[in-house]
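Peer 1: The structure's right below; bear with me while I get my questions together.
The values are calculated or read from the model by the stated rules, or taken from the named source; none is laboratory data. Here the structure is a predicted model, which means the values were calculated and not measured. Using ideal geometry, Cβ is built from the backbone for each residue, glycine included, and neighbour counts are taken over all protein chains shown.
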Amino acid sequence: MAETFPFQRLDVYVAARELAALVHTARIADAELRDQATRASKSVVLNLAEGLGNRAIAARLGISEHTAKFHVNAILGKLGAESRAAAIVKAARLGLVVL
């Protein structure tokens, strides 16, 4: 005797449409998060160019010192810089800041 399942056979096309909608929603959310991160990074780079430390950057941007430090380290990594000074020089060469 064949086993029966408590659900109906799934329409493949309906499932594909629903999956596509979920992926689209996830992409939009991901893009929004990237935009927010990019804005934060730009703000941090500008503050770095002014010579501010993590505590001052945090106070100016209304974030914790830990978060400011995280952003600074992320920027150093993205720019391939080993110091704040090197990051500022690279950011200026890329046109991200004007000195």
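Peer 1: Over 13 Å from the mean Cα position of the chain (by Cα) and at pLDDT below 90: which single residue out of ALA21, ALA85 fits that description? Don't jump to the end; show me each part of the working.
Peer 2: Numbers: ALA85 fails: at pLDDT below 90.
Only one candidate qualifies: ALA21.
Peer 1: Can you pull out the residues in segment 87-99 that are of a type in the set (A, V, I, L, M, F, W, C), without any contact (Cβ under 8 Å) to a residue 40 or more places away in the chain and outside any helix (DSSP H, G or I)?
Peer 2: LEU94, VAL98, listed by residue number.
Peer 1: Would a scan of segment 75-84 turn up a residue that is part of a helix (DSSP H, G or I) and loosely packed, with under 14 Cβ neighbours inside 10 Å?
Peer 2: yes
Peer 1: Here's a follow-up. When you check LEU48 against the structure, is it in contact (Cβ under 8 Å) with a residue 40 or more places away in the chain and surrounded by 13 or more Cβ atoms within 10 Å (Cβ to Cβ), yes or no?
Peer 2: Taking the combined requirement at face value, the residue satisfies it.
Peer 1: Going through segment 58-86 one residue at a time, which ones are in contact (Cβ under 8 Å) with a residue 24 or more places away in the chain and farther than 15 Å from ALA40 by Cβ?
Peer 2: Hit for segment 58-86 is ARG84, nothing else.
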